Amino acid sequence: MDEQRCSCPTFLPHKEIGFWVGGSHYMGDLNERFAFLNIVRPAGGVIFQHNFNERWSWRNTAGYGRIYGNDKYSELQNYQERNLHFRSDIAEINSQFVFNFLPYQIGGETPGFIFPFSPYMFGDWACIILIRKPN
């Protein structure tokens, strides 16, 4: 008998690592208008994900950013006279379980088996560390 081989794609558990970059911005009493461009600070982080199968994965992230506020940017005279300013570093760690409603795999293109996209839901916990540095 001839042995037949299935060319069906199979899912192998795998790990992914990624990085992100962006900006952090403070909106509040020391920035009452949308003075966005003059006080955006760099932010970034790392993402690690273990994919157990096409539907379940466990993702861990860590990120860091800095926010800044200063009365000298205010258009109001009494705020400028108040002369408050601060800088705070913000770090976050996060862990989450992800469930994909459709069997998902990066690069999956076989109709009816694995989809290149999927709606998903997740549950997570996070810890945020704020290091306040008043000036």
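The values are calculated or read from the model by the stated rules, or taken from the named source; none is laboratory data. On a predicted model such as this, the values are computed, not experimentally measured, just so you know. Ideal geometry is used to build each Cβ from the backbone, glycine not excepted, and the neighbour counts take in all protein chains shown.
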State whether one or more residues within the range 72-83 are touching a Gly at 6+ places or on another chain (Cβ under 8 Å) and either surrounded by 11 or more Cβ atoms within 10 Å (Cβ to Cβ) or modelled with pLDDT under 85 (or both). no
Quick check, is GLY112 exposed (fewer than 14 other Cβ atoms within 10 Å of the Cβ) and at pLDDT below 90? yes
Within the range 46-64, does at least one residue satisfy the condition of being more than 17 Å from ALA126 (Cβ to Cβ), without any contact (Cβ under 8 Å) to a residue 60 or more places away in the chain, assigned to a loop (DSSP other than H, G, I, E, B) and among the hydrophobic types (A, V, I, L, M, F, W, C)? yes
Matching residues in the range 71-102 - criterion: being in contact with a Ser or Thr (Cβ under 6 Å, 6 or more places away or on another chain) and in a strand (DSSP E or B): ASN94, VAL98, ASN100
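Looking at the range 27-50 only, could you name the residues that are at pLDDT 90 or above and polar (S, T, N, Q)? Break it down into steps so the answer makes sense when it comes.
Filtering the range 27-50 for residues at pLDDT 90 or above gives 42-50.
GLN49, the sole residue that qualifies.
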